[in-house]
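Everything on this sheet refers to the single structure shown next.
The values are calculated or read from the model by the stated rules, or taken from the named source; none is laboratory data. Note that the structure is predicted; figures quoted are calculated from it, not measured. Note that each Cβ is placed from the backbone with ideal geometry, even for glycine, and that neighbours are counted across all protein chains shown. Keep in mind that these areas ignore ligands, DNA and RNA; they rest on the heavy atoms of the full protein, side chains included. Shrake-Rupley method; radii C 1.70, N 1.55, O 1.52, S 1.80 Å.
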Amino acid sequence: MEYFLLSLVFLTLLPNLFVAGMHDVSNSIAIPVRTRALTPRIAARLAAFFNALGVLLALPIGAHLYTWFDFPQVPGRLMLSILLSTLISLLAWNIITYLRGVPSSTTHALLAGLLGGGFAAALLTDTTLSDVMELPWLGLLLALIISPLVAFGLGYALVFGSVRMARGEDPDTVNATSRMVQSICVGITSLGTGLQQGQRFMFLTMLGLLSAGVADTTPALPYLIAGFAVLIGLGCLTGGWRIGHVLGHRLVALDPLRGMVSASTTSGLVLLGSMGLGMPLSTSLTAASATMGAGSNQRFTTVNWRQFLRILTYWLATPVATGVGSATLTLAVNPLLGLPD
């Protein structure tokens, strides 16, 4: 039964990889395409390459972003059920938010799904609710609240320095330099996103293999991570234009200079979060907040605050939807798979 569940986990993981690439690519290319720093086709190809490269680099770096996520000890069959329920909830939510053009956080959706599954495990086994409550609720909450605020503040503040440096310069030169920096930031942001995606899905894979009783996961990981890179890269090639249109056209209007500030803020924070911090950082929340921060610092209002409130509603709903969905599915499959009562 464990190997059957593991097969279902991998079958559900495959579309999640593609949708993750499609969902997150707009975070790096929406603004550069909007300000005409890159054409849509070149931007999507550049993002796909660096996303895939980041996924490949995640293997030697390791899944260190998730080492602090010490899941309670539960039977292997139940753990696989939690993983399957989490991946189904994550896939459904990412498809819903993509079709709605909303840049929601895959990282928080994933962690909330695992936490919801942990609550279900507490109802099905001897695992106590206190064991589940010791999971990183605080870290998740801090990342959810602080990272968008930091991105917004940096985006707003860096406009002052950028405007001062550009004062007196030829506008065409300023625009050309801003677009060049944005093009570079596409690669940096995509690399950081790929690193996080690789670590995120490698963590799920290792957890699934260990739960199924596979003692040595090392030989399979290089082949699995290469497959992850291909699927995520293919997802990036779609361009993610539903979300990209919202970020680049409906949320805020940016000139090339403020587009450079937004892209630089996003790339710096995402790379720091993927390599230097001990907790996951949402690319979607960071990119949208940096864009709003840079766009707010102008003489005229450019942020569509109604669109922002719509996005905020989905941000707040993300952990609830995937957490409740994962818990419900875990409880539902219990009698079907003969899991412990």
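Could you tell me the calculated FRET efficiency between Ile42 and Asp216, based on Cβ-Cβ distance and R0 = 35 angstrom, to the nearest 0.05?
So the FRET efficiency works out to roughly 0.25.
Would you rank Tyr3, Tyr223, Tyr156, Tyr314 by solvent-accessible area, highest first, keeping every protein chain in place and using a 1.4 Å probe?
Tyr223, Tyr3, Tyr156, Tyr314
Residue separation times 0.36 nm, minus the C-alpha to C-alpha distance between Glu169 and Gln298: what's the value?
Result: 44.6 nm gained on full extension.
Only helical DSSP H runs with n ≥ 4 go in: add -39500 (n - 2.57) per run for the chain, normalise by residue count and round the 222 nm mean residue ellipticity to 500 deg cm²/dmol.
Calculated mean residue ellipticity at 222 nm is -26500 deg cm²/dmol.
Solvent-accessible area of Glu2, probe 1.4 Å, all protein chains present, reported in Å² to the nearest ten, please.
60 Å²
Can you tell me the dipole magnitude for the chain around its Cα centre, using point charges on the Cβ only (Lys, Arg +1; Asp, Glu -1), in Debye to the nearest 20?
Dipole magnitude for the chain comes out near 1380 debye.
Expressed as an acute angle from 0 to 90° and rounded to the nearest 10, what is the orientation of the C-alpha long axis of helix 305-337 relative to the principal long axis of the chain?
It works out to around 10 degrees.
Counting Lys and Arg as +1 and Asp and Glu as -1, each charge on the Cβ, what is the dipole of segment 165-292 about the Cα centre in debye, to the nearest 20?
260 debye
Arrange the residues Met260, Met180 by how much accessible surface each exposes, largest first, with a 1.4 angstrom probe.
Reading off the accessible areas and sorting them downward yields Met180, Met260.
When you count, for each residue, the other Cβ atoms within 10 Å and take the mean per peptide, how do 106-112, 158-164, 323-329 rank with the highest first?
106-112, 323-329, 158-164
Kindly state, as a whole number, the per residue volume in cubic angstrom of the convex hull around the alpha carbon atoms of segment 150-265.
Roughly 140 Å³ of hull volume per residue.
Rank Tyr3, Ile243, Leu269 by how far each Cα sits towards the positive end of the charge dipole of the chain (+1 on Lys, Arg Cβ; -1 on Asp, Glu Cβ) and give me just the farthest.
Most positive-ward Cα: Ile243.
Search the structure for amide H atoms under 5 Å from the amide H of Leu38, placed 1.01 Å from N in the peptide plane, and list their residues when 5 or more places away or on another chain.
Under 5 Å from the amide H of Leu38: Val33.
Might you work out the accessible area of Ile31 for me, using a 1.4 Å probe with all protein chains in place, and round it to the nearest 10 Å²?
For Ile31, solvent-accessible area is about 20 Å².
Of Val55, Met206, Pro40, which is farthest on the positive side of the dipole of the chain, counting Cα position, with +1 on Lys and Arg Cβ, -1 on Asp and Glu Cβ, and the Cα centre as origin?
So the residue furthest toward the plus end is Pro40.
State the label only: which of (1) 1.03; (2) 1.00; (3) 0.94 corresponds to Rg/Rh (Cα atoms, Kirkwood Rh) computed from the shown model?
From the options (1) 1.03; (2) 1.00; (3) 0.94, the structure gives (2).
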